[in-house]
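Take a look at the structure set out below.
The values are calculated or read from the model by the stated rules, or taken from the named source; none is laboratory data. This is a predicted model, so every value here is computed, not measured. We place every Cβ from the backbone using ideal geometry, glycine too, and count neighbours over all the protein chains shown. For accessibility, only protein heavy atoms count, side chains too; no ligands or nucleic acids. Shrake-Rupley method; radii C 1.70, N 1.55, O 1.52, S 1.80 Å.
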Amino acid sequence: MTSALPQPLIELATGHGVATEFWDWQGNHRTVAETTIRTVLGALGVPAADEEQVAESLVARHDAAWRRVLPPVTVVRAGRRHKLAVHVPAGREFTARVHLEDDGELELAHDKGAVNRDVDGVKISEATVLLPESLPLGWHRVEVVLGGQGNGGESHSMPLVVAPAKLELPDFLTRDGSQAWGVMTQLYAMRSSQSWGTGDLADLADLGAWAAGHGADFVLVNPLHAAEPTPPMEPSPYLPTTRRFVNPIYIRVEDLPEVAYMSAAERQLVEWHADDAQRYLDLDFLERDAVWAAKESALRMVFRQGRSLRRERAFHAFVEREGQGLVDYATWATLFGIHGPDWRQWPAELQDAAGPAVDALREKHAQEVEFHCWLQWILAEQLAAVQREVLETGMRLGVMHDLAVGVHPHGADTWALGDALARDVTVGAPADQYNQLGQNWSQPPWRPDKLAELGYAPYRDMIRAVLRDAGGLRVDHVIGLFRLWWIPEGTEPWEGTYVRYDHEAMVGILMLEAHRAGAVVVGEDLGTVEPWVRDYLTECGILGTSILWFEKDYDGDGGLLPPESYRQLCLATVTTHDLPPTAGYLRGVHIDLRHALGLLDRSLEEEQASDEAAREQVLQALRERGLVRAGASIPEQVEALHRFLSFTHAKLIGVSVSDLAQDTRVINQPGTDEEYPNWRVPLAGPEGRPVLLEELFTWRSARRLARTVSRQS
């Protein structure tokens, strides 16, 4: 029971959003280990090693708000009045105003306050400033000026974020019964004959054009976040080095304007590099490192080619817009090439991104820093072109990007963002029915206290960058905006605890940036979710995620959830990247693979029988609705499953490119690392042979599957 923990420690942990107890996936009450609580508090910068430190930290916690005139940041919803607490020395006059993002200014009403507390021997009054409900959306600044200190007074300010009350759907999705479909792809795995061994942004545009021709309105792509700048490159797109910038492996070299101005000999060298990379198109598994080695060599040649004046000015405008964040990332990439992959093992003076030694190195290696900035500019141009082109071909949303949960523990973000990311802890998940020992994702979490002190700027900049030139955003593990499972380093995943975030701020900023980008937001809300969270996201206009196999009628007979019972605000799909493509799932390849890897808890026969029974329950429900006949082929069953989704109320339906290709191979097997080639399996056909886009686009079976969900059918 929680009472076994010292009461002061419980009070301190609760005050900092650290859970001392929780309910597990089986409905059992769990008490968090005392050592875990103390360690997690320490990772939040709260001394709690012993009772003396706990007592001192409690006093600091109680007085923290009173020592500040204003809180570090405030996030509110449009159309709602908000009361802002301001702490000033007793009897001190002050004025309050809000400086609007568009340079306007408003005076704010406030009361005089009353003496509430003695802090450090000073009597402090808490006054209330009223924020009007008419404030426009945007990033504003509240300023409080204390009088009585000579000309101008003593000024204090804080960021004020006004978010939409609700994220509205685009008009075409607001009509009764309206529904849109799109394709979902792992871009690196989806190649064409022009690809350099892995899929790129030109391939994404071609897929979008093909899908738009069959009535699709979006293309959901895996996280395109940047990986390591030199081999070995992390294969998982969900373990990036930064979430703000993009992996240059997705550049289509031939689409750079500068290539046209290269000499014949230089263009020949580019073609030779392309030939080298395209040799990997026929292999069973992707060779990212070899592909990037060839592509990087070609890109460096183009970089040295130089740019026209207008292109040069556009590049410098991009660098200025992206600011210090881009410069820091490019500096990190340069240092990575000099001193190795783990910045914690670099010379001590280079571990501080803002230190003078880093400034000096940046000057010394200015051209290399510029190269990495240039790569991001090229990516921004090509991403913008993809979105423009897919919209021109008929899509109404366009590209939907995917936002990973976190970043690599010693990558660019952990170096550049300093203590905004917690040290000595990683993010994961508690035990559930699929991972009964829990999961450790090896990613450092945001520190909620530091995010607030920074006015959420790193979080905002990340969201803003991913949403640029996008029609939608899928947020992986969206419940991480509410709470995350923190695991002290060196302990097992089940030894962690939840840490809460200011979800009003995290979700509000996400809504504001999505509203400004004109984008829909889909939250991946699978797994252990507090019941109220889904209701909250729905009220915010954020779509959830529904996977057909997991949607059961728990209030009825436990069978397949009827289509009329699906929620409207969701992206409904048959499969996901953590399941095999549907043709493989219907064949039970995931059971065979888990058996081969020693991941089964029961005998192979028991697992196969259980899995087959679960699949048969779903197929029988489809037969009863007349969607598929008894004895239907696997392709017919795949079509029927997707047609079932078209009968639901879901606003969005996703069809995996792997299902278009009738692929069967597993993309990612949870619970494995090197035991299985996760994220290294290229798109293949039903026989397991790699298939290129040009070939897929001619397949009647791909067109037929698209028609099952298309508004054009």
Q: Could you please give the count of residues in segment 477-521 that are among the acidic types (D, E), in contact with a Gly (Cβ under 9 Å, 6 or more places away or on another chain) and not in a helix (DSSP H, G or I)?
A: 2
Q.
If I ask for residues that are in a helix (DSSP H, G or I) and of a type in the set (D, E, K, R), which ones from segment 48-66 would you list?
A. E51, E52, E56, R61, D63
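Here is a yes/no grid of residues against (1) under 24 Å from G42 (Cβ atoms); (2) open to solvent by 40 Å² or more (accessible area, probe 1.4 Å); (3) over 18 Å from the mean Cα position of the chain (by Cα):
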| residue | (1), (2), (3) |
| --- | --- |
| V427 | yes, no, no |
| A452 | yes, no, yes |
| Y456 | yes, no, no |
| Y459 | yes, no, no |
| A465 | no, no, no |
| W485 | yes, no, no |
| E492 | yes, yes, yes |
(Q) Let me spell it out: the conditions are (1) on the phi > 0 side of the Ramachandran plot; (2) surrounded by 19 or more Cβ atoms within 10 Å (Cβ to Cβ), and A519 meets all of them except one. Which number is the exception? (A) (1)
Q. Among A380, A431, which is the only one that is closer than 23 Å to W332 by Cα and open to solvent by 20 Å² or more (accessible area, probe 1.4 Å)?
A. A380
Q: Would you check if there is a residue in segment 1-24 being open to solvent by less than 20 Å² (accessible area, probe 1.4 Å) and of a type in the set (F, W, Y)?
A: no
Q.
Based on this model, can you work out whether S178 counts as in contact (Cβ under 8 Å) with a residue 12 or more places away in the chain, within 30 Å of L379 (Cβ to Cβ), of a type in the set (G, A, S) and surrounded by fewer than 23 Cβ atoms within 10 Å (Cβ to Cβ)?
A. no
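Pick from R80, R92: which is part of a loop (DSSP other than H, G, I, E, B), closer than 30 Å to T128 by Cβ, open to solvent by less than 60 Å² (accessible area, probe 1.4 Å) and at pLDDT below 95? Working first, answer last.
Numbers: R80 fails: open to solvent by less than 60 Å² (accessible area, probe 1.4 Å).
Only one candidate qualifies: R92.
Against the condition surrounded by fewer than 20 Cβ atoms within 10 Å (Cβ to Cβ) and either touching a Lys or Arg at 6+ places or on another chain (Cβ under 7 Å) or hydroxyl-bearing (S, T, Y) (or both), how does M233 come out, does it pass? Give the steps one after another, and end with the answer.
On the way: surrounded by fewer than 20 Cβ atoms within 10 Å (Cβ to Cβ): yes; either touching a Lys or Arg at 6+ places or on another chain (Cβ under 7 Å) or hydroxyl-bearing (S, T, Y) (or both): yes.
Answer is yes for this residue.
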Q: Could you list, in sequence order, all residues of segment 570-596 that are under 13 Å from N668 (Cα atoms) and either of a type in the set (A, V, I, L, M, F, W, C) or open to solvent by 50 Å² or more (accessible area, probe 1.4 Å) (or both)?
A: D578, L579, V589, L593, R594
Q.
On the basis of being of a type in the set (A, V, I, L, M, F, W, C), at pLDDT 95 or above and surrounded by 21 or more Cβ atoms within 10 Å (Cβ to Cβ), does F697 make the cut?
A. no
(Q) Given (1) farther than 20 Å from G177 by Cα; (2) modelled with pLDDT of 95 or more; (3) surrounded by fewer than 18 Cβ atoms within 10 Å (Cβ to Cβ); (4) more than 19 Å from the chain's Cα centre (by Cα), identify the lone condition not met by E539. (A) (1)
Q. Would you say P635 is under 32 Å from the mean Cα position of the chain (by Cα) and over 30 Å from T174 (Cβ atoms)?
A. no
Q. Residue check: is A65 within 24 Å of P8 (Cβ to Cβ), free of Cβ contacts under 8 Å to residues at least 60 places away in the same chain and surrounded by 12 or more Cβ atoms within 10 Å (Cβ to Cβ)?
A. yes
